[in-house]
Amino acid sequence: MFLEQFSLGVTKDYLVRLFLVIIGLIIFSLLALYSISDNPLSFNSAFSRQCVFLIFSFLVFLIVKNIKIKTIHDNSTLIFIMTIIFCIIPFFLPRVEYTYRWIDFGLFYIQPSEYLKCATVIVIAKYLSNHQLQVKDPSIVLVPGFLTLISAFIVLNQPDLGTAVIICAPLIPMLLWAGVSNFMIFLIVAPVITILAASNIVIFTVWALIMFIIFLTFQSNIIVKSTLYFANIFTGLLTPFLWNNLAEYQKQRILTFLNPDLDPMGSAYHIIQSITAIGSGGFFGKGWGEGSQTQLKFLPVQESDFILSVIAEELGFLGILFVMILCFLLIKTLLDIAFQSSDYFASLVIIGIGSILLSHIFINSAMTIGLMPVKGLPIPFISAGGSFLLSCFIMIGLVVSFSKN
């Protein structure tokens, strides 16, 4: 009884910390959105729309947090299938912004792929928790890998490369959490690295040598080792195929990331303006509402993709440092709750959710300072956008629900 009360008390402390962190992130969001809105109280402003999204998302959160863990577990396959169908619907509707990502409901748009990320995590967690005794069997990775590829393939064809990457991100952490062997994890990651490395002969040669050393340490016969090694080498042949199947704007983003001078007024404009805004903020910032890049609208998509640049310019290094501390605490708190959880399924879902949020934080932060190509991925609880904000509150609602149960 004492241990149970102690466990509930610790979990409650984590949830309080989680709520305080999220409130802090939302405050930074509203401050930045109010600053960049020409008429903040207008319904069409990013600030007002975000306030409406916050209210609706919080109401959904109140519903989700009361759903029992058994209900989620038993219906995870149905949730996954319904979300897949939801993501296929845009292919039969008129394109929105030249893509099939959105469903137009008149007053607002919904991006179904935002919810597919969470649904994929839930169904993978169910499979791994139902087969935890077979976790050392190499075949354990096949079903989670297949489910992830299905989700990523549908989203990639919308096309939405950034969200497809995010869908794949939780797979490895969840398999590691489940206890899958390191070598099996390597077999999953190796083909991806091979495809990326094949674009440069020197990098590819070094990677081939690293793989050769790793496969030598693998405890198996020479035929299996050789087959796996050369199979990974030959995946490098897929690089031209994958490159040719990228949308033209995706190719341009990658090329300008490697060399922004190729198109400074075109596809590289976002990165250049973002770096300029961040650099001009200095240590203390120019002051709330005083950023030149943001107020003069030189910085594009500043309400969502590049909102960190707004904060950095107006609140400076100190402001962005505080945001990063809050992001760190968000992920750490989710990890603490996962460690505290005595339910295998719940801990896997929370790890998957933490991986999704961490991927968004990492990619968005790296993108704003030019360390990654522009992906169009928002940062949790800060960027404007109804679909992503709702999905974040749904994920936090699941965390709270699983913590209570």
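The values are calculated or read from the model by the stated rules, or taken from the named source; none is laboratory data. Just so it is clear, the structure is predicted and the values come from calculations on it, not from any experiment. Every residue, glycine among them, receives a Cβ derived from its backbone with ideal geometry; neighbour counts consider all protein chains shown.
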TODO: Could you tell me whether the stretch 189-197 includes any residue that is part of a helix (DSSP H, G or I) and more than 30 Å from VAL349 (Cα to Cα)?
DONE: yes
- [ ] Out of ILE272, ILE350, ILE363, report the one residue that is free of Cβ contacts under 8 Å to residues at least 60 places away in the same chain and surrounded by fewer than 24 Cβ atoms within 10 Å (Cβ to Cβ).
- [x] ILE272
- [ ] Specify which of the listed residues (ILE353, ILE307, ILE325) is within 30 Å of VAL399 (Cα to Cα), at pLDDT below 90 and among the β-branched types (Val, Ile, Thr).
- [x] ILE307
TODO: Scan (1) at pLDDT 95 or above; (2) part of a loop (DSSP other than H, G, I, E, B) for the single condition PHE393 breaks and write down its number.
DONE: (2)
TODO: For the stretch 113-139, enumerate the residues that are hydrophobic (A, V, I, L, M, F, W, C) and modelled with pLDDT of 85 or more.
DONE: LEU116, CYS118, ALA119, VAL121, ILE122, VAL123, ILE124, ALA125, LEU128
Open item on the list: For the structure I just gave you, tell me whether LEU315 is of a type in the set (A, V, I, L, M), crowded, with 23+ Cβ neighbours inside 10 Å and modelled with pLDDT under 80.
Closed with: no
- [ ] Please find, within the stretch 282-302, the residue that is farthest from the chain's Cα centre (by Cα) out of those that are crowded, with 17+ Cβ neighbours inside 10 Å and modelled with pLDDT of 80 or more.
- [x] LYS286
Open item on the list: Tell me yes or no: at least one residue of the stretch 157-170 is assigned to a loop (DSSP other than H, G, I, E, B) and under 24 Å from ALA338 (Cβ atoms).
Closed with: yes
Open item on the list: Among (1) in a helix (DSSP H, G or I); (2) out of contact with any Phe, Trp or Tyr (no Cβ under 8 Å at 6 or more places or on another chain); (3) more than 15 Å from SER304 (Cα to Cα); (4) touching a residue at least 40 places away in the same chain (Cβ under 8 Å), there is one condition SER342 misses while meeting the rest; what is its number?
Closed with: (1)
Task: Scope the stretch 293-322; condition hydroxyl-bearing (Ser, Thr, Tyr) and farther than 14 Å from ASP38 by Cα; matching residues - done: SER304, SER309
Open item on the list: Being closer than 13 Å to PHE381 by Cα and either out of contact with any Leu (no Cβ under 8 Å at 6 or more places or on another chain) or assigned to a helix (DSSP H, G or I) (or both) is the filter here; which residues of the stretch 305-330 pass it?
Closed with: ILE307, LEU308, VAL323, MET324, LEU326, CYS327, LEU330
Open item on the list: Being crowded, with 24+ Cβ neighbours inside 10 Å and closer than 20 Å to ARG101 by Cα is the filter here; which residues of the stretch 366-376 pass it?
Closed with: VAL374
Open item on the list: Which numbered condition in (1) in contact with a strand residue (DSSP E or B) (Cβ under 7 Å, 6 or more places away or on another chain); (2) among the β-branched types (Val, Ile, Thr); (3) modelled with pLDDT of 90 or more is the only one that VAL96 fails?
Closed with: (3)
Open item on the list: Tell me which helices (runs of 4 or more DSSP H) are completely within the stretch 47-147 and hold 2 or more residues being free of Cβ contacts under 8 Å to residues at least 40 places away in the same chain and within 20 Å of the chain's Cα centre (by Cα), or say none if there are none.
Closed with: 76-88
Task: Residue pairs meeting the criteria (Cβ under 6 Å; at least 6 apart or on separate chains; first at positive phi, in the stretch 366-379; second not in a loop (DSSP other than H, G, I, E, B)) - done: GLY370/ILE271; GLY370/ILE275; GLY376/GLY162
- [ ] Could you please let me know if THR333 is over 19 Å from GLU114 (Cβ atoms), touching a Leu at 6+ places or on another chain (Cβ under 8 Å) and surrounded by 24 or more Cβ atoms within 10 Å (Cβ to Cβ)?
- [x] no
Open item on the list: Give me the residue from the stretch 160-198 that is in contact with a helix residue (DSSP H, G or I) (Cβ under 6 Å, 6 or more places away or on another chain) and small (Gly, Ala, Ser) and, out of that set, farthest from SER359 (Cα to Cα).
Closed with: ALA198
Open item on the list: Quick check on the stretch 151-162: of everything there that is more than 22 Å from LYS126 (Cβ to Cβ) and touching a Leu at 6+ places or on another chain (Cβ under 9 Å), which residue is surrounded by the fewest Cβ atoms within 10 Å (Cβ to Cβ)?
Closed with: PRO159
